[in-house]
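Below is one structure, written out as structure tokens; the observations come after it.
Rule-based calculations on the coordinates, nothing more; no lab input. Being a predicted model, the structure only gives us computed values, none of them experimental. Heads up, the Cβs are rebuilt from the backbone with ideal geometry, glycines too, and the neighbour counts pull from every protein chain shown.
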There are 2 protein chains.
Amino acid sequence: MKATIITIGDEILIGQIVDTNSAFIAKSLDKIGVEVNEMISITDDKNHILDTFTKLQNNVDLVLITGGLGPTKDDVTKKTFCDYFEDELIVDQKVLEHVTELIEGIFKRPINQMNKDQALVPSKCTILHNAVGTAPGMWMKKENTVYVSLPGVPYEMKYLVENEIIPKVVREYERPYILHKTVLTHGQGESLVAERIEDWENNLPEFIKLAYLPAPGRVRLRLSARGKDKGFLERALEEYLASLDAIINDIIVGYEEANTIEVVLGELFTKQQKTIATAESCTGGSIASLLSSVPGSSAYFRGSVVSYATDVKIDLLNIPPELITEFSVVSAEVASAMALSVKKLMKTDYAIATTGNAGPSKGDSNAEIGAVFIAVATPNGVFVEEFNFGQPREKVIDRALYKSLEMLYKEILKKQL
Amino acid sequence: MKATIITIGDEILIGQIVDTNSAFIAKSLDKIGVEVNEMISITDDKNHILDTFTKLQNNVDLVLITGGLGPTKDDVTKKTFCDYFEDELIVDQKVLEHVTELIEGIFKRPINQMNKDQALVPSKCTILHNAVGTAPGMWMKKENTVYVSLPGVPYEMKYLVENEIIPKVVREYERPYILHKTVLTHGQGESLVAERIEDWENNLPEFIKLAYLPAPGRVRLRLSARGKDKGFLERALEEYLASLDAIINDIIVGYEEANTIEVVLGELFTKQQKTIATAESCTGGSIASLLSSVPGSSAYFRGSVVSYATDVKIDLLNIPPELITEFSVVSAEVASAMALSVKKLMKTDYAIATTGNAGPSKGDSNAEIGAVFIAVATPNGVFVEEFNFGQPREKVIDRALYKSLEMLYKEILKKQL
């Protein structure tokens, strides 16, 4: 089963916003074995939309469209949808009741005509109930292709995908299995990793595909297996992963199924009933922010001191001024002291600390631009590593963020062995 | 001048990563008057790439392609590029020298064959020098369409767009002006705003386009003017903005050109030589992270105490336990006390504090899921507002983040009037 995702909206095409909807939809479809072969972002223009619909007709099974369902004049999707299916808009009584309840009952506002128009839908469409917003989803079929229109507001789109579309596709269509397994490696570049596993890669069977996902300082290797026999695919993946592990065991730091490193760490902390805090300088709270983005993180994430200014390090983290004078604020000594201090202050089992110079100009120290020290405090002590993440600023912050979680992760795993 | 952006990579189509490259490229092109009419994400498959190239041939002036230029086997873009132009790969000596210098000189690793292959380029292409990576950009023209291939690693792509592509397009092509002005409103829904400005909207001239960009709790209105006479466009935009302001002055909180709220705030702080700190519970450091993402933020952002656990609020922020017992940890009183405390601890002019329950389950308080108190401390005191941001968790955190910056922004602006 093949799908195409369309995003409608000029704000995407002028780069004012990043389209995150398509990735969410793609991931949801991938999990149930629906292959997304293309994502397209187009303008709010009626002819452009019609044109795109026509090109996809009978070439894919499913077209998911987000955006352009709001009540305002620039939203043309619904009318265009009607044109394409040679249909007309009618008021759906159930949707109207839901919209009225939302606006008058929950938001306590008088309902206006534009709100009411949200209940206008093509007469032949199957309505997908949007419990969290006023614009319903609309499911329509023409010949061999189903077109589904969804609102562009991310949490409304997500609600409809999770509660309406995925269950409906699972009920009504047969699909193969698509299994992914991602291997996290660190410390070697893409080309070096590729060289080491060249023979192994050449021996992969047709139904397993390998992809390299490089990021500064780390490479993820994704194996995707596709077929009708789930058990067979699982066994094959396991076998090839074992032979891969035998070759590059020294750089593998873990495996990822659907989960990101912050979720994986969260599961480890929860299972082991351990806690964590951070003391952040150059990362500015981004480690805390990522850790606390995980539902349930309040069970193990206790907090952070973001000590951006040097005297905040002294006053709040009790870093001795002499230490800063002697070694500079960007140093292994200060990073270690920060980690140990926040661990003590917040009474945690683990702590991460960062101090560095993200650039573009030099700060309170003479440290090179891009230089970062990361310290990890554990129940048994503290260790620190020095890096130079180069430039630009966003890369330095991003690399320090992920490197610190990786250091912590490896440390916890080591303790488990 | 029309452009299409293509992103190549299975990792995008299975939703493993969000494509942020396209938005960056689109924004850069929009600034110089190049209209992006479509963004397409396609698989690593050779025929899929060739097909997409063929469809665009002579329909757009410029095709920018990212991804698929790495040294590994799954990267087919370069070979496909060659096929499409009926060209062959040759070693470019200058690129080879640059790759060697990067690998051996900077990374201190022996160069391998895959590294060397990065210097293979189609013989007829114009090479765009990639100072920050090993894969060069490649610029090739066929009939009326230019195709440019760029690496997918974001900072390499950005380097090439900023330093090579934009200057080259500006030198070689005539383009109209596209000017945008975005009005930030808050507190009223999209349909209510649309109703209030209906007459004004109907009177907009052909060359000015209006778009509604709704987000929970706020609507941005984007005016885009397009034409050859920059002065005329600027005057027209100014005039229509003035008449818009006369209608909805009560909900306009500011204007945005290219800048986001954290950058606008940063400029205000820098200009006024004021400082800021945050005390964050439910936002988990995301306010600190956003504030410190701005280059130069160390001049005004001093730090944050992320007090996720209740006793961290007591121990580090000196919140009296009685206050928490009496009013609960999620309360206006605790939020105000957190803001005042961090302002004092970090010796700043302003402070933001958040405490709330982001869900999905209840935490250390009996506060409703979605309930958030945001306090802003200023040189003159502290004020606090209560919100319920509903669910899911990510929406609560995101809305609390932006609402807090908006409260701060309005407060600073008020003081300026």
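A few remarks follow.
- Computed over chain A, the Cα gyration tensor eigenvalues convert (square root of 5λ each) into semi-axes of 46, 29, 19 Å, ordered from largest to smallest.
- Cα-derived Rg to Rh of region A:342-417, Kirkwood definition: 1.03
- Between region A:154-211 and region B:385-407, the Cα center-to-center distance that results, in Å: 33 Å
- By the beta-carbon count within 10 Å of each Cβ, the least crowded to most crowded order of B:Cys125, A:Cys282, fewest first, is B:Cys125, A:Cys282.
- The Kirkwood hydrodynamic radius of region A:299-384, based on inverse pair distances between different Cα atoms, is 13.0 Å.
- DSSP H segments from chain A that extend 18 Å or more along their own axis, Cα-based, with Kyte-Doolittle mean of -1.0 or above: A:230-248, A:332-345, A:393-416
- Only Lys, Arg, Asp and Glu carry charge here, each on its Cβ (+1 for the first two, -1 for the last two); on that basis chain A has a dipole of about 860 debye about its Cα centre.
- For A:Glu368, label point 7 Å along C-beta direction: distances to other copies, nm: 5.5
- Rg to Rh, two decimals, where region A:1-134 supplies the alpha carbon set and Rh follows Kirkwood: 0.98
- Average projected area [Cα convex hull, region B:215-318], square nanometres: 9.6 nm²
- Sorted by Cβ density within 10 Å, fewest first, the residues A:Met39, A:Met114, A:Met138: A:Met114, A:Met138, A:Met39
- Per-residue Cβ neighbour rank within 10 angstrom, fewest leading, B:Tyr255, B:Tyr147: B:Tyr255, B:Tyr147
- When each of A:Lys108/B:Lys362; B:Lys46/B:Lys124; B:Lys55/B:Lys94; A:Lys2/A:Lys181; A:Lys230/A:Lys274; A:Lys79/B:Lys209 is checked by Cα-Cα distance, pairs over 24 Å: A:Lys108/B:Lys362; B:Lys55/B:Lys94; A:Lys230/A:Lys274
- When you count the other C-beta atoms within 10 angstrom of each residue and take the mean per peptide, A:4-10, B:240-246 line up highest first as A:4-10, B:240-246.
- Computed over neighbours whose Cβ is under 13 Å from that of A:Glu406, the net charge equals +1, Lys and Arg +1, Asp and Glu -1.
- Divide the volume of the convex hull around the Cα atoms of region B:71-205 by the residue count and you get 207 Å³ per residue.
- Within-11-Å neighbourhood charge of B:Pro122 [Cβ basis; K, R +1; D, E -1]: -2
- Between copies, the label points of B:Glu206, set 7 Å from Cα on the Cα→Cβ line, lie 5.7 nm apart, reported in increasing order to one decimal in nanometres.
- With its label point put 7 Å out from Cα toward Cβ, B:Asn249 sits 7.5 nm from the same residue's point in the other copies, in order from shortest.
- For region B:25-128, a simple Cβ point-charge model (Lys and Arg +1, Asp and Glu -1, everything else neutral) yields a dipole of about 320 debye relative to the Cα centre.
- Farthest positive-ward along the protein assembly as shown dipole, Cα basis, beta-carbon charges - from B:Ser224, A:Gly15, B:Met338: B:Met338
- Extension gain for the segment B:Glu238 to B:Lys362, taken as residue separation times 0.36 nm less the Cα-Cα distance, is 39.8 nm to one decimal.
- Tail fraction, Cα-Cα pairs, region B:257-312, threshold 16 Å, whole percent: 43 percent
- Tensor-based shape of region A:260-417 (alpha-carbon gyration tensor, a/c under 1.5 rounded, otherwise prolate or oblate): prolate
- Spin-label pair A:Glu86-B:Glu198: with each label point 7 Å from Cα along the Cα-Cβ axis, the two points sit 3.3 nm from one another.
- Within region A:311-417: Cβ-based charge dipole about Cα centre, in debye rounded to nearest 20 (Lys, Arg +1; Asp, Glu -1): 420 debye
- Based on the convex hull around the alpha carbon atoms, the protein assembly as shown presents an average projected area of 34.9 nm².
- Ratio Rg/Rh, restricted to region A:152-243 and using Cα atoms, in which Rh is the Kirkwood radius: 1.10
- Taking 20 Å as the cut-off, the amide N atoms of region B:213-244 that come nearer than this to a point 7 Å along the Cα-to-beta-carbon line of A:Lys108 belong to B:216-218.
- For peptides A:103-111, A:80-88, sequence by mean Cβ density within 10 Å, most packed first: A:80-88, A:103-111
- Amide N proximity, region A:146-187 versus A:Lys228 label position 7 Å along Cα-to-Cβ, cut-off under 13 Å: A:174-177
- Among the GluC sites (Glu not before Pro) in region B:166-262, those placed in a DSSP loop whose Cβ has at most 10 other Cβ atoms within 10 Å are B:Glu174, B:Glu206, B:Glu257.
- One Cα centroid belongs to region A:285-339, the other to region B:297-344; the line between them spans 17 Å.
- Amide proton proximity set for A:Met346, modelled H, under 5 Å, gap of 5+: none
- Within region A:191-229, trypsin sites (Lys or Arg not before Pro) in DSSP loop having at most 10 other beta-carbon neighbours inside 10 Å: none
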